[in-house]
Amino acid sequence: MSQERSSLDSKNLDCTNLDKMSQGDPVMCLKTYRTGSELMVAVCDSDLLGRSFQEGPLQIEVYPEFYGRERASHDEVERALVRATIANLVGENSVGCAIRMQCVAEENVLFIGGVPCAQMIRM
């Protein structure tokens, strides 16, 4: 884990470090689910959609059916995360936005096959 940890630190997952061009362009996929009073948000970097990652016993499949195919900008993802009670995030852009918004603590990011993954629950 310490090797993965230093990898996270060196990448500095944060939306402010992304180039200006990607700030307004849809670089993530976003899908929302409402169940009663809960709003779940699924966000992944668009280039990860449809891919699988594995590291040891851990595996994640970035299903288009779950994360959606609709592209979203950083602003759209941030607006969704503000309202979300639950979030599933996969990828540098997606997790980086959640870290910047303080929805996810950097030390709680899990790497699966080198890809940052995080979950958030608001109580």
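Read-outs: derived from the displayed coordinates by stated rules, not from any lab. Keep in mind the model is a prediction, meaning the values are calculated, not measured. Cβ: placed from backbone, ideal geometry, glycine included. Neighbour counts: every protein chain shown.
Descriptive notes on the structure:
- Label-point gap, in nm, between residue 70 and residue 108 - each point 7 angstrom along Cα→Cβ: 2.6 nm
- Counted charge near residue 40, where neighbours are those whose Cβ lies closer than 13 Å (Asp, Glu -1; Lys, Arg +1): +3
- Between 40, 109, 52, the Cα set farthest toward the positive side of the dipole of region 38-110 (charges on each charged residue's Cβ, about the Cα centre) is that of 40.
- Rough spin-label spacing in nm, given labels placed 7 Å along Cα→Cβ, for residue 121 and residue 58: 1.8 nm
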